[in-house]
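Derivation of every value follows stated rules applied to the coordinates shown; laboratory data play no part. No experiment lies behind these values; they were computed from the predicted model shown. Cβ: placed from backbone, ideal geometry, glycine included. Neighbour counts: every protein chain shown.
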Amino acid sequence: MIQKTYYKTKDHCKVKFSVNPENAESVEILGLNGDWDNPVPMSKKKGGSFTYETSLPKESQHEFKYRVNGSEWMNEPEADSENPNEYGGTNSVLVL
């Protein structure tokens with residue numbers, strides 16, 4: 001799930017990511033702001049879901065994926081769209 005909060009007086013948007021993959025010990029987000037080299041760890045909540053909040057520039061687009069347990073790649077089912085990637089799969093796309 002992705003929640004977007006826009007502010008009239010600011011040039012960024014608050015974005016909250018939330019996922020609940022089965023049997024997950026850890027979840028990271030990769031690709032935000034074009035950064036695929038530095039995974040961002042998500043916080044594990046009671047009940048097994050993982051969340052992460054950040055601010056991203058308005059009128060921007062971000063390709064990203066979740067990495068579960070350090071090895072399993074997962075897309076965001078509620079992403080704005082998907083783009084093909086170089087590995088024969090797709091990346092989730094967030095449009096702000």
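Computed from backbone phi, the HN-Hα couplings of the range 65-73 come to 9, 9, 10, 9, 6, x, 9, 9, 8 Hz, rounded to whole numbers (Karplus: 6.51 cos²θ - 1.76 cosθ + 1.60, θ = phi - 60°; Gly and Pro given as x).
Determine Rg/Rh for the range 2-95; Rg is computed over alpha-carbon atoms and Rh is the Kirkwood hydrodynamic estimate from the same atoms. Can you show the working numbers first?
Numbers: Rg = 13.2 Å, Rh = 13.7 Å.
Ratio of gyration radius to Kirkwood radius for the range 2-95: 0.96.
The mean sequence separation of alpha-carbon pairs under 8 Å and at least six residues apart, normalised by the residue count of the chain, gives a relative contact order of 27 percent. Using a Cα distance threshold of under 15 Å, what count of lysine pairs results for the chain when pairs must be 8 or more residues apart or interchain? So the count works out to 10. A straight chain from S18 to L96 at 0.36 nm per residue would run longer than the Cα-Cα distance by 26.4 nm. The string of couplings for the range 80-88 from the Karplus curve (6.51, -1.76, 1.60, θ = phi - 60°) is 5, 6, 9, 10, x, 10, 6, 9, x Hz, one whole number per residue in order, with x for Gly and Pro.
In the range 52-96, which trypsin sites (Lys or Arg not before Pro) fall in coil by DSSP and have 14 or fewer other Cβ atoms within 10 Å?
Details: sites: K58, K65, R67; in loops: K58.
Hits after loop and neighbour filter: K58.
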